[in-house]
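In what follows, a structure is listed as structure tokens, so that the remarks can point back to it.
Just so it is clear, none of the values below were taken in a lab; they were calculated from the coordinates. Note that the structure is a prediction, hence the values are computed from the model and not measured. Heads up, the Cβs are rebuilt from the backbone with ideal geometry, glycines too, and the neighbour counts pull from every protein chain shown.
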């Protein structure tokens, strides 16, 4: 720490930061990797509250300007205060799928993961829900960029809903959306046709009592989430909302990137989903190329390597 501020880092380090070091903000401020020594960090911390970092999204011309949640009393912030490496992996997975989806009409077997389906009923908006978005909502915003700049012909209308259960995180998320919305949604697009929402969502919600304003939870075509499990409590709550989504929406697909040894993921989430009748859990390969691209957005962290991360698609059997 220098003069009360964390030192910047560029790319991978050999520092052995633990999970809770990261969660409690005991880690350096981020800086994007790029050719040369140019500093991509915006130091005007007053602009949006916390430290601002530029994220140049791969396969697009969009650079997001996202601020982390300011620290409280110089030390503590919620787990979702910043962008984690798993969210960078999920962002790259989303954008890579969108790039391949562009070729789907000409090359139907173009290697799609299937995040963006080849066919959608255009009489209603395509709906994406991100769970545990965090203050920067990097993965959810990557999905909006994919829809608005890469797949606008296939999905002329869409809604992306970013969610969290921490009020401070939600406030910072709204500021980040406001800062970047004009980059994502063109001035010609109707506010009705392309919508980015920020919503409070508690995974322990009684989904049998969902009102009209929360219907977005059950109507999602695609659900995204990264680094959602790190305790038994978060694992149990995640299973509850995932099974509800699968039960109430037969066509939903759920995409999660997770450090696989976080407590509750392999002990609770995966076995519960895999043993549930009619639920399919597919492993999604995280290639070296995908990791290399993700590192240009968020450093991985010294204590982890690429084999610590896993990705799954969860859906109902056809």
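By its C-alpha gyration tensor, with a ≥ b ≥ c as the square roots of the eigenvalues, how is the range 79-316 shaped: rounded for a/c under 1.5, else prolate for a/b larger than b/c, else oblate? Since a/c stays below 1.5, the shape of the range 79-316 is classed as rounded. In terms of other Cβ atoms within 10 Å, 200, 85, 113 run from fewest to most in the order 200, 113, 85.
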